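The values are calculated or read from the model by the stated rules, or taken from the named source; none is laboratory data. Just so we're clear, the structure is a prediction, and the values are computed from it rather than from any experiment. Every residue, glycine as well, gets a Cβ built from its backbone with ideal geometry; the counts of neighbours run over all protein chains shown.
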Amino acid sequence: MGLSVVAGGFALLSYTSVSASGLESVRCRLQGTPRPPAFSQDGDFVIGGVFSIHNYMHTVDHSYTSLPEPLQCTGRSLRFSRAMVFAVEEINNSSDLLPGVTLGYQVHDSCTSVPMAMNVAFQLANGLDPMFDTGEQCSGSATVTAIVGESGSTPTISMLRIIGPFGIPQVSHFSTCACLSDKKQYPTFFRTIPSDQFQAAALAHLIRHFGWTWIGAVRSDSDYGNNGMAAFLQAAQEEGICVEYSEAFSLTNPLSRVQRVADVIRSSTARVVVAFTAIGEMRILLEEMERLPSPPRQWIGTESWVTDPDMLRFGLCAGAIGFGIQRSVIPGLRDFLLDLSPQKVSNSPLLTEFWEGAFDCVGVEEKVCDGSEDIQQLQTPYTDTSQLRVTNMVYKAVYAIAHAIHSIVCEERENSTVLERLRRVNFSRNGYQVSFDANGDPVATYELVNWQIRESGKMEFVTVGLYDASLPPDQRFDINREITWVKNSTLVPVSVCSESCPPGTRKAVQKGKPVCCYDCIQCAEGEISNNTDSSDCLICPEEYWPNAERDLCILKPVEFLSFYEVLGIILTACSVGGACLAIATATVFYHHRTSAIVRANNSELSFLLLFSLALCFLCSLTFIGRPSEWSCMLRHTAFGITFVLCISCVLGKTIVVLMAFRATLPGSNVMKWFGPPQQRLTVVSFTFVQALICTLWLVLSPPFPIKNLTTYKEKIILECNVGSAIGFWAVLGYIGLLSLLCFVLAFLARKLPDNFNEAKFITFSMLIFCAVWITFIPAYVSSPGKFTVAVEIFAIITSSFGLFFLLFVPKCFIILFRPEKNTKKHLMEKTSNDIRH
C-alpha cells in the first residue's frame, strides 16, 4: 500500500491487487468522506455548481483521537441552486442551443465556509466514487467541464487555488472582490456580477453627490470586505471624503468584537455608515444594533446585502440606499420554483428540509408534513421572484458556459477548450447582454436601491436611480425618483465633521484631524471666496475690492475732489467769491481812479495785482474735478505763474514805497530808476522766470493723472502726479523766494512815515502768506487722498485772501466810508508831521 496525490490535491490511498488474469492493477480510495451533491443530473457535459445553500456551518470540538466528523450546516437559501437547475433544464429543452447534447449538473453546498468550499472543489475535480481503478497510477481527469459559483469571494479564491491550475473555468455569480480580476493569479476566473472596483467608485460618487464628507465604514474581515473597502477608501479620498472610523469583523469573531463595532457606530458623530459586508456579517451586526437604542444612521449598502429580502426585517435600516444588481425577468422561473410535488420533495433531503422549515411542520406531532401544504400561498424569499437580481447572475453564468460548449461542439475544433471559448462569449438573453472583458468581468451596471416604507407599513426595495460604468464619468450616475431617507424623511441627512464654510471664508484644517474637520476663517483684507467650502481665498484684481461679505470683488470707488460734494462746493464758492471781490475792488478803484489814495498807491500795479489775485482765486478751480492730462498740467503751472505775478506786483509796490522815501533825501535821484516802465519790467521779469521754469517742467516731465491704489486699499484716488519733483519744488521754491524777498523789503519799510503806510500791510500780508505756505508743506505731504488737493486749494485761497484783505480792504474802506481822508492834504499832513517830528 502507498500514498499518492491526484490532480485535485485530494489524498488517495492506493492498493495493488491481482486480477483473475494475473495482471496487477491499482485501486484508489478517496481519503475522507465524500459529500453527495445537493442536486445532480448526468449529461454529456457536466457543470458544477457551488452555492451557499446553508448560511452557517456547525462547529464541533475535535478530540484528535478519531477522524473529524463531516462538516454540518444550518440555515437555507435554495433559490440560486434551483435557478441553476432551471437554466440547465431550459437549455436541454432548447433546440437552438446545444441541440442533441445534454447538460448535466452537480450542485454542491459550500455552507459559506472556506473548508467546505475546498472540500467541494476536490470532489468536483476527482469525482465522488470512494474507490476506483486507474490502471497504473492514482490519477484521473476532472468530472466537470466548468463550475458556477461560489457565492463569496474568499471561498472562490480557495477553490481557484485548487482547480485553477487544471484549466477548469469557474464563473461566479456573486464573488465581487476586485482582486479576482488579476488574471496572473486567477486565469480561469470569470464572473457575471461586476467587480467591487466599479461598486467602490460608484459608492464614493454617490456619497459625494449628497454632500457627505464625514462617514463611518464597516466591512467583513474577508477578501470581499477588505479589498472592497480598500478600493472604496481610495475612491473616497479622491472625492474628498473623510472616514471617521473603519471597523472589520467576521462571522467567526466572538460576540464581543461585534458589540465593539456596534458601540463605535453608536458613539460616532458620522451619521452615514457604509457597510461593505457580506450578508452573514451584516445580519449579526444589525441584530446587535437592535439590541440597544442607537442614534439614527443613514446606511449605505453594497449589493451583497442591500437587496436581500431577508434584511427588510431590520427597521433601523429604513431609508438605506445602495447599489444592487439590476432587476431582471426570467420567464418560467417562478413556475419552476413552485413546482415541488410531494414526490420531488421526499426524494431530496435538501428539499425536505426546506419544506419542513417553510411550513413549520418538522418534529411537531400535531403538525406533520403530509403533502397537503400549498406552496403557492407561501410568502418567503424563495417564492418571491419580483426582485430577481443575483439569481439572474446564476442564470447568465449557466448560459455563458453553455454557449462556450456550444461553440466547441458546433465548430468541432479539437484543440479548443471551454476556457478559451468563455473569453469570447457574447450573447443576449432575456434582453440582457452577456460578455466578458480581458479580466473576465462584465460591464458594470447597477440600480440605486432605496428601502422605503409604504403606507401599509411594509418596507420594500424601490429603484430610484441607475449607474452605468460604460458611460462617460459625468453621465454614469442618474437619480430618477425621490429618495426616502433615515427616519422616513425627504430631506437629505447631513453628515459632515464641520459645517460648510460660507462664501467669504476659507477652510483651516484643525490640527491633528482629517481634512474634513476644519474651522471657517474669514478671508483676509483684499481677498474673497465666492464658493462654499473654499480652501483658499482669492486676491481681488488691483482695481477691485471685496464687498462687505467678502464673497465678491467689486470695482473700487473712485475718489477725487468733486464740484458736487460739500467740500468742493465750499472751496468753489470761496474761489469764485474771492475772484468776485477782486473784480469788485478793481471796479471801485477804477471808479475812484482820480482819488488821492488810489493815485498814491501806484494804481497801475494795484490793478495788475487785483487781476493776478482774481486769477489766483480762479486757478484753484483747476484743482477741483476729475483729473485729466490738461487739468493736471494747467493746475500747477497756472498756480505757479499767477502767484508769481501776484508776488511780483506786491514786490514792485514794496520797492516803490521803499525807494520813494529814499528819493526824498537831498540829492537823491533814485526814483528815475523805479518809474512805471521799470515797475512793469520788474513784474514781467520775475514772472518770465516762473514761466520759463513751468515751460521746462511741462516739456521735460509734465504732470499727469494717475490712479493712486496705495494710499487707500479699498478705494482709488484719482490725482495728479507732479511728473518731475524737481520742477514742482522749483515752482514752489521760486514763489517762496520772491515771498521772502518781499517780506524783507516790506519789513524794512514798515516804519516809514505815511498817513497810510502800505509797507506795514505788505509786511503782514507776506507774513501770513509765508505762514500759510510753510504750514502747507507738511499738511500737503501728510494729507490723504482728495484732502491733499483740498489743502493745496485752501493754501491758495487763504494766501490770496490774506493779500487781498490787508492790501485792499483798508483802501476800499477809506474810499467808500471815509472819503474825507481820501485827500492829498490828509495824506500830506500825516507825512509832514512825521517828518517834522
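For (1) at pLDDT 95 or above; (2) farther than 22 Å from residue 468 by Cβ, each residue gets a yes or a no:
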{"residue": "152", "(1), (2)": "no, yes"}
{"residue": "158", "(1), (2)": "no, yes"}
{"residue": "162", "(1), (2)": "no, yes"}
{"residue": "165", "(1), (2)": "no, yes"}
{"residue": "179", "(1), (2)": "no, yes"}
{"residue": "190", "(1), (2)": "yes, no"}
{"residue": "198", "(1), (2)": "no, no"}
Next item on the list: Would you mind telling me which numbered condition in (1) under 16 Å from the mean Cα position of the chain (by Cα); (2) modelled with pLDDT under 90 residue 505 fails?
Entry: (2)
Notebook entry, point to check: In region 438-480, what count of residues is obtained for those that are touching a residue at least 24 places away in the same chain (Cβ under 8 Å) and of a type in the set (Lys, Arg)?
Noted result: 1
Notebook entry, point to check: Restricting attention to region 683-713, which residues are in a helix (DSSP H, G or I) and among the aromatic types (Phe, Trp, Tyr)?
Noted result: 686, 688, 697
Margin query: So, residue 321, is that one out of contact with any helix residue (DSSP H, G or I) (no Cβ under 7 Å at 6 or more places or on another chain) and surrounded by 18 or more Cβ atoms within 10 Å (Cβ to Cβ) or not?
Written below: yes
Margin query: Can you report the number of residues in region 62-92 which are of a type outside the set (Val, Ile, Thr), touching a strand residue (DSSP E or B) at 6+ places or on another chain (Cβ under 7 Å) and modelled with pLDDT of 65 or more?
Written below: 5
Next item on the list: Check region 432-455 and report whether any residue there is under 19 Å from residue 316 (Cβ atoms) and among the hydroxyl-bearing types (Ser, Thr, Tyr).
Entry: no
Notebook entry, point to check: If we keep just the residues of region 42-61 that are of a type outside the set (Gly, Ala, Ser), closer than 24 Å to residue 126 by Cβ and in a loop (DSSP other than H, G, I, E, B), which is modelled with the lowest pLDDT?
Noted result: 54
Item checked: Hits in region 495-526 (condition: assigned to a strand (DSSP E or B) and either surrounded by fewer than 18 Cβ atoms within 10 Å (Cβ to Cβ) or in contact (Cβ under 8 Å) with a residue 24 or more places away in the chain (or both)) -> 505, 506, 507, 508, 509, 519, 520, 521, 522
Next item on the list: Exactly one condition in (1) more than 18 Å from the chain's Cα centre (by Cα); (2) farther than 30 Å from residue 451 by Cβ; (3) part of a loop (DSSP other than H, G, I, E, B) is not met by residue 492; state its number.
Entry: (2)
Check: What is the residue count in region 609-639 for residues that are surrounded by fewer than 24 Cβ atoms within 10 Å (Cβ to Cβ), out of contact with any strand residue (DSSP E or B) (no Cβ under 9 Å at 6 or more places or on another chain), within 22 Å of residue 719 (Cα to Cα) and not aliphatic (A, V, I, L, M)?
Finding: 4
Margin query: Would you confirm whether or not region 95-111 contains a residue that is in a helix (DSSP H, G or I) and either surrounded by fewer than 23 Cβ atoms within 10 Å (Cβ to Cβ) or at pLDDT below 90 (or both)?
Written below: no
Item checked: Qualifying positions in region 159-178 - surrounded by fewer than 20 Cβ atoms within 10 Å (Cβ to Cβ) and over 16 Å from residue 419 (Cβ atoms) -> 161
Checklist line | Pairs with Cβ under 7 Å, 6+ apart, first in region 415-433 and free of Cβ contacts under 8 Å to residues at least 24 places away in the same chain and over 17 Å from residue 325 (Cα atoms), second assigned to a strand (DSSP E or B) and among the hydroxyl-bearing types (Ser, Thr, Tyr) | finding: 426/435
Next item on the list: Run residue 396 past the list (1) assigned by TED's automatic domain parsing to the domain that holds residue 323; (2) over 28 Å from residue 235 (Cα atoms) and report the number of the one that doesn't hold.
Entry: (1)
Item checked: Hits in region 545-578 - residues which are surrounded by 16 or more Cβ atoms within 10 Å (Cβ to Cβ), within 41 Å of the chain's Cα centre (by Cα) and outside any loop (DSSP other than H, G, I, E, B) -> 545, 546, 553, 559
Note to self: Any residue at all in region 604-614 that's of a type in the set (Gly, Ala, Ser), under 60 Å from the mean Cα position of the chain (by Cα), under 30 Å from residue 729 (Cα atoms) and at pLDDT 70 or above?
What the structure shows: no
Note to self: List the residue pairs whose Cβ atoms are under 9 Å apart, where the first residue sits in region 167-191 and is touching a residue at least 24 places away in the same chain (Cβ under 8 Å) and at negative phi, the second is assigned to a strand (DSSP E or B) and among the hydroxyl-bearing types (Ser, Thr, Tyr), and the two are 6 or more positions apart or on different chains.
What the structure shows: 180/172; 189/172; 190/172; 191/172
Note to self: Every residue in region 527-544 that is in a loop (DSSP other than H, G, I, E, B) and surrounded by fewer than 17 Cβ atoms within 10 Å (Cβ to Cβ), please.
What the structure shows: 530, 531, 532, 535, 536, 541, 542, 543
Margin query: Looking only at residues that are crowded, with 24+ Cβ neighbours inside 10 Å and over 22 Å from residue 403 (Cα atoms) in region 179-197, which one is nearest to the chain's Cα centre (by Cα)?
Written below: 196
Note to self: Could you go through region 447-455 and let me know if any residue there is of a type outside the set (Gly, Ala, Ser), crowded, with 19+ Cβ neighbours inside 10 Å and in a loop (DSSP other than H, G, I, E, B).
What the structure shows: no
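This table checks each residue for (1) within 26 Å of residue 319 (Cα to Cα); (2) not assigned by TED's automatic domain parsing to the domain that holds residue 783; (3) not charged (D, E, K, R).
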site: 469; (1), (2), (3): yes, yes, yes
site: 482; (1), (2), (3): yes, yes, no
site: 513; (1), (2), (3): no, yes, no
site: 520; (1), (2), (3): no, yes, yes
site: 541; (1), (2), (3): no, yes, yes
